[in-house]
Amino acid sequence: MLKKLLNIKTIIFVLLTVAFILTAPKIIGLLLMLFASFVLAAALNPFVNKLESKFKNRSLAAIVSLLIVFVLIIVLILPIIIMGVKEVEVVATILPEKLLKFYQSAVNFCIYGHSLSDIIPTENIINASPDVAQGLFNHLSNITLGFFQMCFFGIMLTMFVFYIIVDKHYLKSKFIEFFPPHFKSKAESILYDITSKVGNYIRAQILSMFAVGLMITISVAILGIDYPVLLGLIAGICDIIPILGPSIALAVIIMVAYPLGIVKIILAIILFLTAQQLSNYVIRPFLFGKFMKLHPITILVALVVAQEFLGIWGVILSPAIAATVCVLFDELYLNPINEKEQDNGVEQ
């Protein structure tokens, strides 16, 4: 047995595994991009297979699939941009008057015979305005840089997805070649299980986003706030980004509800937070558990661990990462142990 394991291919495989473990922390961004590409390719693969049977060309089928996804994204985002521009104009019209009234009320407000201007010198605020303006300018520069980085990331992600879909069989065969002969069939089985589960991740994520969007749409419509469907759409799309995404959606809802008064704003915040709690602790764990056959506790643990070590992109992909880890743990540790126990039981 020992002689069977100690061969050149096994030694090279072990060395490559150790090298990967040592270098992984330094290239975590690239690894997450490759994993995200693999997840998207796994989700699109059934659709590409159907188109391939019609077009008789896998490259063309992949291009059509990616174009359809791109068009859907544009169709979803374009109304949001149009509504956002309109609402910014409305807020920009109303906000100066509101700020002026707030300033006058604050200046005239007295505490034990002293006005607020006596307690907080307005000269310091006025003198600090250039620094605030410079800070805003720097912030806008960072946003612009971040936008171009996102565009670059999107282009690279699309290219990775395209080549993974088109060269699926070639990449699979090359991946299997890295493993020792006695482990090739097991590696192929593990790869199939991982591909199936991470493909279901996209489907579960879409249903989760739809559920959040529907709850927000109903809540906003009940309160009589404008654009309930668009606000629900924004909330659903932003739900894919933990913490930051819901914060952006809530800010947009507050901006739209601003002309309706403070009571509607408070009610909108309460209903939004309630919907988010239902999504985070009921809907998402249930959907990811059902589609990916993972226990809700596993999903929650994966979210916490990914947030700690992998950042925002790791949190987004945490259910798919959890599915991959669970498949590897089952196939490499639990199943061999259970098979050995069953064999020992039969022998006895």
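The values are calculated or read from the model by the stated rules, or taken from the named source; none is laboratory data. Note that the structure is a prediction, hence the values are computed from the model and not measured.
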Checking Val48, Val75 in turn, the sole residue that is at pLDDT 85 or above and assigned to a helix (DSSP H, G or I) turns out to be Val48
Within segment 192-202, identify whether any single residue is assigned to a loop (DSSP other than H, G, I, E, B) and over 22 Å from the mean Cα position of the chain (by Cα), and answer yes or no. no
